Amino acid sequence: MNLTSTTIFGLVLLLACPTALSAGEKKDKSKPESKQAVDSGSFGVYVKGHRVLTETFSIHEEDGISVVKSRLQEAAGSTQVRQSSELRMMSSGELIRYDWTDGAGSLFLVPNNEFLLEKIIPLPAAKAAEQPFLMPSTSVILDNNFFIHREVLAWRYLATNCKTEGGSLQCQEGPVEFGALAPQDRTSLRVRMQLAGREKVMIRGAERELLRLNLSGEEFSWALWVDEKDHFKLIRVLIPDAETEVLRD
């Protein structure tokens, strides 16, 4: 069976889906809204072996719109939320809106004709600044510290560049490049993802066979492990240069 948008991206309804609403269509108010959970949980972020952050996330689909929510807390058990974000996309992968706040300042990103437009509000009462990006609405959002955004990118890569043949996963040779935005940094970047293959990895004292993907850019190189037996959910991220490991709880 081919590893297509109906087998991976279909799980989050980020790519072509027959129930998706196009940007110009209106909802039928006579029909109740449907909501489908896709993934939820938390990641522990460890620096030099010490847990420093917890990212709690959820992904669900509402009538063809995919909603990715995340919040960052100081450490396990902390009730103080440092940052939160919400990413909304059409099932085609096109951005509807991205919001971020740290409780003091905030920003949002929306399509604007041929541009993506970011509005930054440093303080609740401050005047917003604007920054346009000459990038398509299908650009990947990879904001700082939100590892669930990396899971969404992994799903996009697998859905559009890989297939299964005889029980073996086959992906396009060489790295695949994506245009991305880091809204907090107000920067665009090019990132590359490539399948490295199956690896046996120790996760909290237990050996698991996971699928490794390499994610790189001009100034970084990360390793991501996803579980192909559990809807390709992100399980581990390793950032060697920062001595950082991210593990799904």
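The values are calculated or read from the model by the stated rules, or taken from the named source; none is laboratory data. Owing to the predicted nature of the structure, the values given are computational and were not obtained by experimental measurement. Because the Cβ atoms are built from the backbone with ideal geometry, glycine has one as well, and the counts that use them run over all protein chains shown.
Determine whether LEU169 is more than 16 Å from the chain's Cα centre (by Cα), assigned to a strand (DSSP E or B) and crowded, with 18+ Cβ neighbours inside 10 Å.
Numbers: more than 16 Å from the chain's Cα centre (by Cα): yes; assigned to a strand (DSSP E or B): yes; crowded, with 18+ Cβ neighbours inside 10 Å: no.
The answer is no for LEU169.
Is there a residue in region 204-217 that is within 27 Å of PRO132 (Cα to Cα) and not in a strand (DSSP E or B)?
Just the residues of region 204-217 that are within 27 Å of PRO132 (Cα to Cα), to begin with: 215-217.
Still in the running and not in a strand (DSSP E or B): 217.
Scanning region 204-217, I find at least one residue that is within 27 Å of PRO132 (Cα to Cα) and not in a strand (DSSP E or B), so the answer is yes.
From the list SER66, SER85, pick out the single residue that is in contact with a Gly (Cβ under 9 Å, 6 or more places away or on another chain) and in contact (Cβ under 8 Å) with a residue 24 or more places away in the chain. Please lay out each step first, then the result.
Numbers: SER85 fails: in contact with a Gly (Cβ under 9 Å, 6 or more places away or on another chain).
Exactly one of SER66, SER85 is in contact with a Gly (Cβ under 9 Å, 6 or more places away or on another chain) and in contact (Cβ under 8 Å) with a residue 24 or more places away in the chain, namely SER66.
Tell me whether region 96-111 contains one or more residues that are among the aliphatic types (A, V, I, L, M), more than 27 Å from SER216 (Cβ to Cβ) and surrounded by 15 or more Cβ atoms within 10 Å (Cβ to Cβ).
Within region 96-111, the first condition is being among the aliphatic types (A, V, I, L, M), and the residues that meet it are 96, 104, 107, 109-110.
Filter once more, keeping what is more than 27 Å from SER216 (Cβ to Cβ): 96, 104, 110.
The next check asks that each one be surrounded by 15 or more Cβ atoms within 10 Å (Cβ to Cβ); those that pass are 96, 110.
Yes, there is a match, as at least one residue in region 96-111 is among the aliphatic types (A, V, I, L, M), more than 27 Å from SER216 (Cβ to Cβ) and surrounded by 15 or more Cβ atoms within 10 Å (Cβ to Cβ).
If you take just the strands (runs of 3 or more DSSP E) that sit entirely in region 19-134, which of them hold at least 3 residues that are over 27 Å from ASP230 (Cβ atoms) and modelled with pLDDT of 85 or more?
Values: elements: 35-47, 50-62, 65-73, 81-90, 95-101, 106-112, 115-121, 129-133.
Per the criteria, 95-101, 106-112, 115-121, 129-133.
Counting just the residues of region 37-70 that are among the charged types (D, E, K, R) and over 13 Å from the mean Cα position of the chain (by Cα), which one comes out farthest from GLU94 (Cα to Cα)?
This residue is LYS48.
From the list ALA206, ALA180, pick out the single residue that is touching a Lys or Arg at 6+ places or on another chain (Cβ under 9 Å) and either surrounded by fewer than 13 Cβ atoms within 10 Å (Cβ to Cβ) or within 19 Å of PHE146 (Cβ to Cβ) (or both).
Working: ALA206 fails: touching a Lys or Arg at 6+ places or on another chain (Cβ under 9 Å).
Going through ALA206, ALA180 in turn, just one is touching a Lys or Arg at 6+ places or on another chain (Cβ under 9 Å) and either surrounded by fewer than 13 Cβ atoms within 10 Å (Cβ to Cβ) or within 19 Å of PHE146 (Cβ to Cβ) (or both): ALA180.
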